[in-house]
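Undergrad: Quick one: the structure is below, and I'll ask about it shortly.
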Amino acid sequence: MHEYAFMKNLIDTVLAQVERDGITGAISQLNLTVGVLEVHSEAAARQAYQVLTQGTPLERTRLNLTLTPVTLQCLSCHYTATLHQHDHDHDHDHPHDHDHPHDHHHDHEPHPDPLVPCPQCGAICVAQGGTGVEEISLLID
């Protein structure tokens, strides 16, 4: 349901801008870059886009959806982690990497939280990025 509301708001905004700008050419693609925390399920967001664009100037457009990660940085031990995807359906596919305790850079997907304890030392990590709409652009033929 979150993705449907998010995509509806986004599509309404894009369609209003298309009308304001008087765009009459065929729109072939919509490029959308958003933080990974905005989209809980990429598949659900794409499905919502398909449903919501029917009967609009965006109906035949290709959605290029790019999700930007969250980066965690521990100020105490300098541990870093990049959180690429926030899809609850796949959390079990990306367990925490505990096999390399001395490697200070891991790419895994723990559940994002505003205050994330460092897996290395337990201090609070600083989370950066992964939120908001960073880019919306259209390709017009």
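Undergrad: Tell me which trypsin sites (Lys or Arg not before Pro) from segment 1-67 have a DSSP coil assignment and no more than 16 other beta carbons within 10 Å of their own.
TA: Arg60
Undergrad: What per residue convex hull volume, in Å³, comes out for segment 1-84 when only alpha-carbon positions are used? Provide the component values of the computation, followed by the final result.
TA: Values: hull volume 9.1 nm³, N = 84.
In segment 1-84, the Cα convex hull volume per residue is 108 Å³.
Undergrad: Using a Förster distance of 41 angstrom, determine the FRET efficiency expected from the C-beta separation of Asn31 and Leu115, and round it to 0.05. Don't skip to the end; give the middle numbers.
TA: On the way: r = 33 Å, r/R0 = 0.80.
Once rounded, the FRET efficiency stands at 0.80.
Undergrad: Enumerate the amide H contacts of Thr68 below 5 Å, restricted to partners 5 or more residues apart or on another chain; note that Pro and chain-start residues carry no placed amide H.
TA: When sequence neighbours closer than 5 places are left aside, the close amide H contacts are Val34, Gly35, Val36.
Undergrad: Once the Cβ-Cβ distance between Asp21 and Cys77 is put in as r, and R0 is 35 Å, what FRET efficiency do you end up with, to the nearest 0.05?
TA: 0.10
Bear in mind that the values in this text are calculations on the coordinates, not laboratory data. Note that the structure is predicted; figures quoted are calculated from it, not measured. Every residue, glycine among them, receives a Cβ derived from its backbone with ideal geometry; neighbour counts consider all protein chains shown.
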